[in-house]
There are 2 protein chains.
Amino acid sequence: MNKIEEKCKTKGVRLTDQRRLIAKVMSEATDHPDVDELHKRVSKIDKKVSIATVYRTVKLFEESGILEKHDFKGGKARYEQSPDTHHDHLIDVNSGEIIEFVDDEIENLQNKIAEKYGYKLVDHRLELYGSKIKKN
Amino acid sequence: MNKIEEKCKTKGVRLTDQRRLIAKVMSEATDHPDVDELHKRVSKIDKKVSIATVYRTVKLFEESGILEKHDFKGGKARYEQSPDTHHDHLIDVNSGEIIEFVDDEIENLQNKIAEKYGYKLVDHRLELYGSKIKKN
DNA sequence: ATAATTGCAAATGCTTTGCTTGTGA
DNA sequence: TCACAAGCAAAGCATTTGCAATTAT
């Protein structure tokens, strides 16, 4: 059984064939698929799963803290399995490739800034968009 | 004449009554209105301006570097006049209020991270979401 | 004069939802 | 059993677009 299914059990999220399948596909994903792409992958295994169910399921999983939703620039929402440790994203503007990174210094600075203005940081979004430097 | 109108002249963007009006309203805005709100403010002065024109105009202004578009969490795109110096945003999750801030250290770190992965930073998005700390 | 702009309504693209039938615990 | 989930198609929401009429230079 995969991590997502396990989390469903822990959190009391009822499992169905469709949810199990979506859990499996998302568990095996190494990228950040959007709903359409996820539906395509799921459909390869079971054609009968509707896109509405995929939408409902990713929403449910997100609300349960099982998946993380990202609204990167340029359109549709994309999902990844909720990571154990927080990371941010560097997006290749040419290929669409996504690199995950962690930087404690930036995380600290963000908290400091919020504090400075009298706020408690409850959420944040840090996305870097870059293009590959060609090596000579 | 306001700053936005001036920029239109400089950049060769043709001015119409509608565009002049939108330029005026955005010039006077101290917040980050969405298209609907902008249309409301414009309509108070001229009811005949259509929302389609507002959409077309903010898009045009954005592409000309006159306005900056932001897709903060939770729905519609919001706009502000392109600032002279870059800043990021701290959004009050309760009131929706937006605080602009500048932090050179974070800016530098972002460049360093992109570099570290072999990328040139072409764009970025840093948004902090916080709730006010109550003073006792 | 004439290429660009507007207003309107229809179309779009992503996402959600009402309803009826099916199903997991 | 029976509250919840799935499938389908229709609806929703922000945004875009085709087209005929209007306007800026």
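Considering (1) open to solvent by less than 60 Å² (accessible area, probe 1.4 Å); (2) more than 23 Å from B:K69 (Cα to Cα); (3) without any contact (Cβ under 8 Å) to a residue 12 or more places away in the chain; (4) of a type in the set (D, E), the lone condition that A:D123 does not fulfil carries the number (2).
Can you pull out every residue in segment A:80-94 that is out of contact with any strand residue (DSSP E or B) (no Cβ under 8 Å at 6 or more places or on another chain) and crowded, with 17+ Cβ neighbours inside 10 Å?
Hits for segment A:80-94: nothing passes.
Residues in segment A:41-65 that are within 9 Å of DNA strand C (Cβ to nearest atom) and either more than 30 Å from A:L128 (Cβ to Cβ) or open to solvent by less than 10 Å² (accessible area, probe 1.4 Å) (or both): A:S50, A:I51, A:A52, A:T53, A:V54, A:R56, A:V58.
Conditions (1) near DNA strand D (Cβ under 10 Å from one of its atoms); (2) in a loop (DSSP other than H, G, I, E, B), marked per residue:
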site: A:V42; (1), (2): yes, no
site: A:V54; (1), (2): yes, no
site: A:L60; (1), (2): yes, no
site: A:G65; (1), (2): no, yes
site: A:E68; (1), (2): no, no
site: A:K73; (1), (2): no, yes
site: A:Y79; (1), (2): no, no
site: A:D84; (1), (2): no, yes
site: A:H89; (1), (2): no, no
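Among the residues of segment A:9-33, those identified as open to solvent by less than 30 Å² (accessible area, probe 1.4 Å), more than 10 Å from DNA strand D (Cβ to nearest atom) and of a type outside the set (V, I, T) are A:A23, A:M26, A:A29, A:H32, A:P33.
Any idea how many residues of segment A:92-127 are within 16 Å of the chain's Cα centre (by Cα) and closer than 20 Å to B:I106 by Cα? Of the residues in that region, 9 qualify.
Restricting segment A:6-40 to residues that are polar (S, T, N, Q) and within 12 Å of DNA strand C (Cβ to nearest atom) leaves a set whose member that is nearest to A:K76 (Cα to Cα) is A:Q18. Counting only residues that are open to solvent by 20 Å² or more (accessible area, probe 1.4 Å) and among the aliphatic types (A, V, I, L, M), segment B:95-120 holds 3 of them. The residues listed here are B:K3, B:K76; of these, the one that is at pLDDT below 95, open to solvent by 80 Å² or more (accessible area, probe 1.4 Å) and within 13 Å of DNA strand C (Cβ to nearest atom) is B:K76.
Whenever a residue of segment A:43-65 is within 14 Å of chain B (Cβ to nearest Cβ), its partners that are charged (D, E, K, R) and within 12 Å of DNA strand C (Cβ to nearest atom), lying with C-beta atoms within less than 8 angstrom and at least six residues away or across chains, give the pairs A:E62/A:K69.
Within segment B:94-136, the residues that satisfy the criterion of being of a type in the set (A, V, I, L, M) and within 9 Å of another protein chain (Cβ to nearest Cβ) are B:I99, B:I106, B:L109, B:I113, B:A114, B:L121, B:V122, B:L126, B:L128, B:I133.
Against the conditions (1) away from DNA strand C (no atom under 12 Å from the Cβ); (2) away from chain B (no Cβ under 14 Å), A:E68 satisfies every one except (2).
The values are calculated or read from the model by the stated rules, or taken from the named source; none is laboratory data. What you see is a predicted model; the values in this text were computed from it and never measured. Neighbour counts are summed over all protein chains in view; Cβ atoms, including those assigned to glycine, are modelled from backbone coordinates with ideal geometry. Just the protein is used for accessible areas: all its heavy atoms, side chains included, with ligands, DNA and RNA removed. Shrake-Rupley method; radii C 1.70, N 1.55, O 1.52, S 1.80 Å.
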